[in-house]
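To start, the structure under review is shown below, and the notes come after it.
The values are calculated or read from the model by the stated rules, or taken from the named source; none is laboratory data. Just so we're clear, the structure is a prediction, and the values are computed from it rather than from any experiment. Every residue, glycine as well, gets a Cβ built from its backbone with ideal geometry; the counts of neighbours run over all protein chains shown. All accessible areas refer to the heavy atoms of the entire protein, side chains included, with ligands and DNA or RNA removed. Shrake-Rupley method; radii C 1.70, N 1.55, O 1.52, S 1.80 Å.
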Amino acid sequence: MSAAQDDGKTCVFEAVGLTKEYDEGRGQALRGVDFRIHEGEFVAITGPSGCGKTTLLQMLGALDVPGAGTLNYRGESIADLPAPAVYRAREIGIIFQAFHLLPTFTAIENVQLPMFEADLSMSQRKERAAKLLESVGLEGRRDHFPTKLSGGERQRVAIARSLANSPSVLLADEPTGNLDSENAHFILDLIIRIHREQKMTLVLVTHDMTIAQRASRTIQMKDGRIVSDQQL
Amino acid sequence: MTFFIVVIRGLLRRPVRTGLTLVGISIGIAAVVALVGISRGFEQSWAAGMKARGTDVVVSNMGSALAPKPFAANVRDRIAKLPGIAATCSIFVDMTSVEDSSMMIISAREWGGFSWQNLKLISGRMPTDAEEPAVVLGQTAAEVLKKKLGDTVQLETKELKVVGIIDGGALVENGSLIISLPLFQEISGNEGKINIIDVRATPGSSEDDVKRLCVAINSVVPEARAMVAGEHVGNSQAYRFISAMSWGTSLLAVIVGVLGVMNTMLMTVFERKQEICILLAIGWKRSRIIRMILWESALLGFFGGIGGVLIGVAGVKIMETLPAIHGLLEPDLSVGLMINSVLIALVVGVISGIYPAWRSSRLTPSLAMQG
């Protein structure tokens, strides 16, 4: 991989003319999106519902492929990755709005799930999951099943899970959307702290401008297009 | 947490459904164990009976009935002259209802023939001559008929006195009513007819000698077929029919098992669609998802197989005690049959999981973002 450099900053993602159709072409989620995201940036993607921000996040996470255009990760086309699962497992951590913990696994087991794709022994997986839960303040809740955790706690477990394989990029889809304001504030602070401490690239999708204002850069979308891209 | 635990948790997600699927496959495998065990045991118990009588070659015409077809008694004279034969014994075997027993082996033996010699008297005596209206009962036959010495047994229209209870050294012998050949020929209206000739080869004959003896007998006896003792039952049309029925029924049971497991696994995949997408989204390879589903279905098969073996063995043991067939069954519930049954169940599980696993691997990880 040969990532582009902009003023000495490594380009992590580069999108050129990105489009995405749905319903067999009856609708367009993305209509020609261009941007670059650099190493260590905190980018908030905002916009109203249906503007294409989640579709864009899915493409960044190799969960979906573009209809046209190119989307590169460190100089390599994500759509052409030989093993997208390896990319998702090792390079990307994803935080979902609805937490998406697996109900039949405890907090510590949920955190260990992505580690099956890493070269870690069982004891190493367990030890690392325990440390990650400790880092999000859940050391006392590690053996609880998701149904026994509050919404904020579940999202903290999901954050720990997203960090399981030490990714370099964190993708968050409305991570506070299902939380009350107190928990939302706590979770946002936690994500930003992790981004800063671990110097991770953070791409956060939100429709809440107060959250977007905490990012270093805001990309605003409307009807599948970027309407503004501001450094804050 | 190991991958195996992930698989087990998947199965325990819906314990009732998993349990019902296990019961379904267990019943299928139980049918395999019971039917195959019984049919194999039937063949083996006849072979053991032959061995107990010291018979090396059996000359009979095994048709489609359980008992061989009758042929002229003087066939024995042609055989007895052949070299390599130490002794012969003419027999008429029938399987018929006797008093309270719906099925009993009647073994009518040439008076003075060697096939009487293996019978060890437990109580009473042997008939005094070929014409005495008497029978000896194998110990199991005596239990089934609830007869003791001095009682009478009605055969056709004739009342015969039980003069001895014997141990014949094999289930077939112990489950038989043994009578002199002339007496039975008269009672059954088969004068001058027999349906088996037991042949004893000269001492020291090798297996090849015995096979050569069969060939020699077959060349002079077109109305019957000589076979190495024990093999004649397996080659009979009746046994083959029973065996084919057993395997056919077992195959049906296995197909039902396949459909049951496949249905469960498809339901599992549909229900856990989002869960599988989440696993794909957090980096699981499609191959790992396939392995997870296949392991789940294989474990269903494996535990279903174990359950099936237990149910099958218990069922056969219960059947053995039923009055109607008590003394006739000596099922071959060997370790080999049990291992094979569990392996069949395991293969059933894996095969049943292939399509659901393939379906699960086609899911797109972006579905994880929904809901």
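Number of residues in region A:107-131 that are of a type in the set (Val, Ile, Thr) and away from chain B (no Cβ under 11 Å) equals 0.
Residue A:53 meets each of the listed conditions (1) of a type in the set (D, E, K, R); (2) open to solvent by 40 Å² or more (accessible area, probe 1.4 Å); (3) at pLDDT 90 or above apart from (2). Among the strands (runs of 3 or more DSSP E) confined to region A:125-232, the ones with at least 2 residues that are closer than 13 Å to residue A:95 by Cβ and at pLDDT 95 or above are located at A:169-173, A:201-205. Here residue B:294 does not qualify as within 14 Å of chain A (Cβ to nearest Cβ) and either of a type in the set (Asp, Glu) or assigned to a helix (DSSP H, G or I) (or both). Residues in region B:273-291 that are open to solvent by 10 Å² or more (accessible area, probe 1.4 Å) and either more than 14 Å from chain A (Cβ to nearest Cβ) or outside any helix (DSSP H, G or I) (or both): B:282, B:285. For residue A:101, the criteria (1) more than 9 Å from chain B (Cβ to nearest Cβ); (2) crowded, with 22+ Cβ neighbours inside 10 Å; (3) part of a loop (DSSP other than H, G, I, E, B) hold in every case but one, which is (1).
Conditions (1) open to solvent by 10 Å² or more (accessible area, probe 1.4 Å); (2) farther than 22 Å from residue A:174 by Cα, marked per residue:
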{"site": "A:29", "(1), (2)": "yes, no"}
{"site": "A:33", "(1), (2)": "no, no"}
{"site": "A:57", "(1), (2)": "no, no"}
{"site": "A:82", "(1), (2)": "yes, yes"}
{"site": "A:89", "(1), (2)": "no, no"}
{"site": "A:93", "(1), (2)": "no, no"}
{"site": "A:111", "(1), (2)": "no, no"}
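Of all residues in region B:167-179, those satisfying the criterion of being under 15 Å from residue B:124 (Cβ atoms) and open to solvent by less than 10 Å² (accessible area, probe 1.4 Å) are B:168, B:177, B:178, B:179. Filtered by the rule that a residue be at positive phi and open to solvent by less than 90 Å² (accessible area, probe 1.4 Å), region A:186-232 gives a lone residue, A:224. Looking at region A:98-112, is at least one residue over 30 Å from residue A:139 (Cβ atoms), out of contact with any strand residue (DSSP E or B) (no Cβ under 8 Å at 6 or more places or on another chain) and touching a residue at least 12 places away in the same chain (Cβ under 8 Å)? No, the conditions are met nowhere in region A:98-112. Taken over region B:340-366, the criterion of being open to solvent by 50 Å² or more (accessible area, probe 1.4 Å) and either aliphatic (A, V, I, L, M) or free of Cβ contacts under 8 Å to residues at least 24 places away in the same chain (or both) is satisfied by B:340, B:343, B:344, B:346, B:347, B:350, B:351, B:354, B:362.
Give the residue that is most open to solvent (accessible area, probe 1.4 Å), with candidates limited to residues of region B:180-230 that are at pLDDT 90 or above and of a type in the set (Lys, Arg). Of everything passing the filter in region B:180-230, B:212 is most open to solvent (accessible area, probe 1.4 Å). Is it the case, given these coordinates, that residue B:313 is touching a Gly at 6+ places or on another chain (Cβ under 9 Å), among the β-branched types (Val, Ile, Thr) and modelled with pLDDT of 85 or more? In short, yes.
Restricting attention to region A:113-133, the residues that are over 18 Å from residue A:170 (Cβ atoms) and over 20 Å from the mean Cα position of the chain (by Cα) total 10. Here the condition is being open to solvent by less than 60 Å² (accessible area, probe 1.4 Å), more than 14 Å from every other protein chain (Cβ to nearest Cβ) and either farther than 22 Å from residue A:93 by Cβ or at pLDDT 90 or above (or both); of B:264, B:268, it holds for B:264 alone. Taken over region A:120-146, the criterion of being of a type in the set (D, E, K, R) and in contact (Cβ under 8 Å) with a residue 24 or more places away in the chain is satisfied by A:128, A:141, A:142, A:143. Report whether or not residue B:26 is modelled with pLDDT of 90 or more, outside the structural domain of residue B:130 (by TED's automatic domain parsing), under 22 Å from the mean Cα position of the chain (by Cα) and within 30 Å of residue B:256 (Cα to Cα). It is true that residue B:26 is modelled with pLDDT of 90 or more, outside the structural domain of residue B:130 (by TED's automatic domain parsing), under 22 Å from the mean Cα position of the chain (by Cα) and within 30 Å of residue B:256 (Cα to Cα). Taking (1) away from chain B (no Cβ under 14 Å); (2) aliphatic (A, V, I, L, M); (3) under 17 Å from the mean Cα position of the chain (by Cα) in turn, residue A:57 satisfies each apart from (1). Of the residues making up region B:117-146, those that are without any contact (Cβ under 8 Å) to a residue 24 or more places away in the chain and crowded, with 19+ Cβ neighbours inside 10 Å number 1. Count of region B:147-162 residues, restricted to those that are in contact with an Asp or Glu (Cβ under 7 Å, 6 or more places away or on another chain) and open to solvent by 40 Å² or more (accessible area, probe 1.4 Å), is 2. Going by what's in this entry, would residue B:83 be described as closer than 22 Å to residue B:104 by Cβ, modelled with pLDDT of 90 or more, open to solvent by 20 Å² or more (accessible area, probe 1.4 Å) and more than 14 Å from every other protein chain (Cβ to nearest Cβ)? Spelling it out, it is not the case that residue B:83 is closer than 22 Å to residue B:104 by Cβ, modelled with pLDDT of 90 or more, open to solvent by 20 Å² or more (accessible area, probe 1.4 Å) and more than 14 Å from every other protein chain (Cβ to nearest Cβ). Screening residue A:96 against (1) at the interface with chain B (Cβ under 10 Å from one of its Cβ atoms); (2) within 18 Å of residue A:22 (Cβ to Cβ); (3) not aliphatic (A, V, I, L, M) leaves a single unmet condition, (2).
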